[in-house]
Amino acid sequence: MARIVSGMGTSHVPGVGAAIDNGKTNEPYWKPLFAGFGPLRAWHRKHVPDVNIIVFNDHATYFSLDKYSTFTLGVAETFKAADEGWGPRKVPDVQGHPDLAWHILEQLIFEEFDMAVAGSLDVDHGLTVPLSIAYDQPNQWPTAVIPLCVNVIQYPQPTALRCYKLGQAIKRAVEKFDQDLTVGIWGTGGLSHQLGGERAGVVNPEFDKVFLDNIVSDPLANTRFTHTDFIREAGCEGIEMIMWNVMRGALNEKVNEVYRFYHIPVSATAYGAMILENT
């Protein structure tokens, strides 16, 4: 039987990928952030699952604002880095796990989640930056990956509760898979940030802390935040935080918080990371 063993939450700031790709990680602006990645990367070196399910959002690179499904699961053998306007990142191709992906897709449909299926999918910084945060610059990513793309771009987005329930359904689906696999699940995006408009540059450490504390000890509290709550408290792009709810819903009720890191600012974003293990 397959089983989910751990979860990670991380922001997916594109500037982090650019700093890695261009050798800027030791510059004064970036050095404190990358120092915080040290314990996270050390944990990942010791805990390498067979598959990571990575919950992310496409930033209108592969999808577009007039065609964007609520939940899309990638079932391909391989996923390439997307060209976001300045050429694809020079990172390894992402290797999928079609057998597990198709199984999860089927089980989610049976549980009445109306999933879209992606037989091909180029993945942008929403997925490649978390991989770089965890694994730095390898010649090949150490795990297979199943991409799960969530619409946080085009109104109406799914609710925080729906994302949590999706995570619970993913957990049930994984546990019905008949191969002996260890699976990690990552929720990406956030934390508080707004990139445009009158409140451009806003971050809210107090709200972020409440959200992170809830992830560990009271995840249902985070499902009661509305879209308006996220926008008001965490900025327009703060709604990305609902993707962490998918990750948390897929874990056990009780988890062990292994590591937490919070740093501001990172390209006008409050960066947060958290590693959780099932107990």
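Here is how the numbers come out for the structure above:
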read-out	value
Members of region 185-201 found to be part of a loop (DSSP other than H, G, I, E, B), at negative phi and in contact with a helix residue (DSSP H, G or I) (Cβ under 8 Å, 6 or more places away or on another chain), listed by number	Leu191, Ser192, Gln194, Leu195, Gly196, Arg199
Test: residue in region 264-278 that is within 20 Å of Val13 (Cβ to Cβ), in contact (Cβ under 8 Å) with a residue 40 or more places away in the chain, within 14 Å of the chain's Cα centre (by Cα) and not in a strand (DSSP E or B)	no
Near pairs, Cβ below 9 angstrom, 6+ apart or cross-chain, from region 125-140 (more than 20 Å from Ala60 (Cα to Cα)) to any residue that is among the basic types (Lys, Arg)	Ser132/Arg89; Ile133/Arg41; Ala134/Arg41; Tyr135/Arg41; Tyr135/Arg45; Asp136/Arg41
Residue match in region 51-59 (condition: out of contact with any helix residue (DSSP H, G or I) (no Cβ under 6 Å at 6 or more places or on another chain), assigned to a loop (DSSP other than H, G, I, E, B), buried (at least 20 other Cβ atoms within 10 Å of the Cβ) and at pLDDT below 95)	yes
Close pairs (9 angstrom Cβ cut-off, 6 or more residues apart or separate chains): assigned to a helix (DSSP H, G or I) in region 105-123, of a type in the set (Val, Ile, Thr) anywhere	Leu105/Val75; Leu105/Val117; Gln107/Ile170; Gln107/Val174; Leu108/Ile170
Residue match in region 192-212 (condition: among the aromatic types (Phe, Trp, Tyr) and touching a Pro at 6+ places or on another chain (Cβ under 7 Å))	no
Matching entry among Ile231, Ile239 (being closer than 30 Å to Lys24 by Cβ and not in a loop (DSSP other than H, G, I, E, B))	Ile239
Of the criteria (1) touching an Asp or Glu at 6+ places or on another chain (Cβ under 8 Å); (2) of a type in the set (Ser, Thr, Tyr); (3) assigned to a loop (DSSP other than H, G, I, E, B), which one Ser69 fails	(1)
Subset of region 225-279 (residues that are among the basic types (Lys, Arg) and farther than 20 Å from Val55 by Cβ)	Arg232, Lys254
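The values are calculated or read from the model by the stated rules, or taken from the named source; none is laboratory data. What you are looking at is a predicted structure, and each value in this text was computed from that prediction instead of being measured. Because the Cβ atoms are built from the backbone with ideal geometry, glycine has one as well, and the counts that use them run over all protein chains shown.
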